[in-house]
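Worksheet for the structure shown next.
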Amino acid sequence: MNITRVNHLVKVGLVFLALSVAFTGCKKDDDDDVSSAGGGGSTTPVETTVDEDKAHITSTFNEVVMCTEEIQSGKIVSLVKTIFDVNQGNSTDPDWLEAIIDSLPGVFDFELIDTTLAFDIDEHMGIYAYDKTTLEWTFTNTADGTLTVQFPSTDGGDNDLELYVSGYADEAHTFDGDDIRLPTSFKLEFTQNGSTLVKLELVAAQYQQLDNIVIPIYIDIDIILDPLTIDVIARRVSSMKFDVSMSVTNGGSCGASFYAAVVLDHDDYENLVEDDIVSMEGTLIYNNLKITSNLDYAALHELEEPTIAEINANTDVDVYYNNVVIGQLQVMDVDGEEEIHMVYKDATTENVEDAYLIPLLDDLEIALFDLVGEW
């Protein structure tokens, strides 16, 4: 079946959603369906004019630009820019860093991981430290179930960078006839002079072993990418429904919440195909701005060449401000071209790309120019 129009709607819609929403604090709760989350601000409906609604959407995009600038000034981006001398899209590949990486296999057994398809912390625990005098690595066995890698961020500098792994646990599975071990928990922290740049904690993971493959059915993971804090939960809600929720915050302009769910028409996971998707839904929130989407995928998939009317009839993307619907996203035919339009509550419309996306991308290009150069 040709579903070009459906894909067009989904892709453009997701771009609009992803760039225009955020959340200022998402509480993770395994027993709650996060799709029911409301707006981040007041629960009392407040009527607004269409001009005010447009201003609220524009303000949201301004927050996205501010968030981007805050990420740029974070520790992890600053480190990458320093090491690789990143400037306006250009970078270097420092020989000193390549030498450090190339010499690490002299003390760390990567081949064991390749051979066993597993990471055994007991086989790798210890302290791996780079010696800037000998230009080689030293190894100290700690026998405490942790792994530490220490190395410099500059040529000939002290070991100011440290990678630390602890709390690693896994379980045995098979995948296409191969014995593998999948992690169920671990903590990984990457620091510079004791300050955290990256932190990754797999709080919990559960898997289901099938005849030939293994699938994750619950993942709870917390991530820090300075200045961002990211929390993710992906789970199997029922045998035929899977969902994922994610929050991103930084204590500043960045604060995003995302929820998505997919419903299948059977639970024979090893034989799933595109036709087996029944529906998809999603929710994104930014303070008082909320966008919800529902797609009757099965109905659209049955149509050989869905018309614009059929796409709109089976796709529902609503935009809220302070829990009041301010408009919908719909596909429209404008001079023979399909466009995504915002249909406001007074029935007026605007091309989303012209009204919001292009100005946003222009602002982002300016904000990111020192890092990536011209787009």
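Structure summary
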quantity: Accessible area per residue in Å² at 1.4 Å probe, computed on the stretch 111-190; calculated: 55
quantity: Accessible area of the chain belonging to carbon and sulfur atoms, whole % at 1.4 Å probe; calculated: 52
quantity: Sites I308 and S73, calculated FRET efficiency, Cβ-Cβ separation with R0 51 Å, nearest 0.05; calculated: 0.70
quantity: Chain lengthening between I358 and K132 when straightened (0.36 nm per residue, less Cα-Cα); calculated: 76.5 nm
quantity: Estimated FRET transfer efficiency when R0 is 25 angstrom, pair N193-D93 (beta carbons, to 0.05); calculated: 0.55
quantity: Contour minus Cα-Cα distance for D346 and I215 (0.36 nm per residue); calculated: 42.5 nm
quantity: Lysine pairs in the chain with Cα atoms under 16 Å, if 8 or more residues apart or on separate chains; calculated: 5
quantity: Accessible area per residue in Å² at 1.4 Å probe, computed on the stretch 214-323; calculated: 42
quantity: Filtered trypsin sites (Lys or Arg not before Pro), the stretch 126-228: DSSP coil and at most 10 other beta carbons within 10 Å; calculated: none
quantity: At R0 = 45 Å, FRET efficiency that the Cβ-Cβ distance of W375 and K241 yields, to 0.05; calculated: 0.70
quantity: Average Cα contact separation per residue, the stretch 222-375, under 8 Å, 6 or more apart, as relative contact order %; calculated: 10
quantity: Taking N as its residue count, the alpha carbon Rg of the chain over 2.2 N^0.38 Å; calculated: 1.16
quantity: The chain: calculated mean residue ellipticity at 222 nm from DSSP helix runs of at least 4, using -39500 (n - 2.57); calculated: -7500 deg cm²/dmol
quantity: Max mean-square fluctuation residue, GNM over the chain, Cα-Cα springs under 10 Å, options M246, M342, M332; calculated: M332
quantity: Cα centre as origin, Lys/Arg/Asp/Glu Cβ charges: the chain dipole, Debye; calculated: 1220
quantity: H56, H124, ranked by accessible area, largest first (probe 1.4 Å); calculated: H56, H124
quantity: Tilt relative to the chain, helix 358-367 - C-alpha long axis, 0 to 90 degrees, to 10; calculated: 30
quantity: Normalised contact order of the chain, rounded percent, pairs of Cα under 8 Å and 6 or more residues apart; calculated: 20
quantity: Residues of the stretch 346-375 with amide N under 19 Å of the 7 Å Cα→Cβ point at N62; calculated: 355-368
quantity: Virtual spin-label span in nm between V203 and D179, 7 Å along Cα→Cβ; calculated: 3.3
quantity: Cα centroid separation - the stretch 321-375 against the stretch 56-124, whole Å; calculated: 32
quantity: The stretch 329-375: GluC sites (Glu not before Pro) in DSSP coil with no more than 16 other Cβ atoms inside 10 Å; calculated: E374
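The values are calculated or read from the model by the stated rules, or taken from the named source; none is laboratory data. Note that this is a predicted model, so its numbers are computed, not measured. Methodologically, a virtual Cβ is constructed for each residue, glycine included, from the backbone with ideal geometry; neighbour enumeration extends over all protein chains shown. For the accessible areas, the whole protein counts, side chains as well, though only heavy atoms, and no ligand, DNA or RNA atoms are used. Shrake-Rupley method; radii C 1.70, N 1.55, O 1.52, S 1.80 Å.
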